[in-house]
Amino acid sequence: LVRFPEGVKNRTQAIAHRIETAGIKRKVGTNQVKAIRVLLTGSNKDMKQMEEDGRLDGWCNDNLKWLRETYGERNLVSAVLHMDEKTPHIHATIVPIVTGERRKARKEEQNGKKKYRKKNTQDVRLCADDVMARHRLKHYQDTYAQAMSKYGLQRGIDGSLAKHISTMQYYKELVEQQDSLQENIETLLGLEEEA
């Protein structure tokens, strides 16, 4: 869905190319986040309906438009539509290049942290921390839901307190439920025999 620049053959090269051509003055650390993967999809039912109605191309185009407006046109280095799995979806890759003052700079100044050298606030930086801040993630969910509302897609519950559980915890709870159900079955069978 996104064309690579000339001479770039794959996503890894596209990420490196974007970082090299962005005008970043500071050294990019080896442990620094260089790209963010984004999965764009809806429920299986919604996506199948969209496909049957012939609206999948429009959905793809609107997703690309949202990604470019949200993260910057040049920061979107890859977007691939997957149709080979159960639900159609897009895998997009974003390079988190930003300009402006660091998100934490004002807080550090208020807390009295010494600044040895004032940095130009308009310098180009590679900063996943700014792009993936909690308030930004909420904003992304809100704006994505607005952009996709014409396809019948809705935002998840705002402020949900649901927490992800580990696979181990999930299976442990599943076994406990199974044991409880087995006990209930045995109790009911025992009551049936008495009657």
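The values are calculated or read from the model by the stated rules, or taken from the named source; none is laboratory data. Given the structure is predicted, the values throughout are model-derived calculations rather than measurements. Glycine also receives a Cβ, built like all others from the backbone with ideal geometry; neighbour counts cover every protein chain displayed.
Observations
- Close contacts from region 157-175, counting a first residue that is under 29 Å from A145 (Cβ atoms) and a second that is polar (S, T, N, Q), with Cβ to Cβ under 9 Å and a gap of 6+ residues or different chains, come to D158/Q141.
- Leading residue by the ranking (nearest to the chain's Cα centre (by Cα)) among those in region 143-181 that are under 18 Å from D46 (Cβ atoms) and loosely packed, with under 10 Cβ neighbours inside 10 Å: G156
For every residue, the table says whether it meets (1) at pLDDT below 95; (2) surrounded by 15 or more Cβ atoms within 10 Å (Cβ to Cβ); (3) outside the structural domain of L137 (by TED's automatic domain parsing); (4) not in a loop (DSSP other than H, G, I, E, B).
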residue: N31; (1), (2), (3), (4): yes, no, no, no
residue: G42; (1), (2), (3), (4): yes, yes, no, no
residue: K45; (1), (2), (3), (4): yes, no, no, yes
residue: D62; (1), (2), (3), (4): no, yes, no, yes
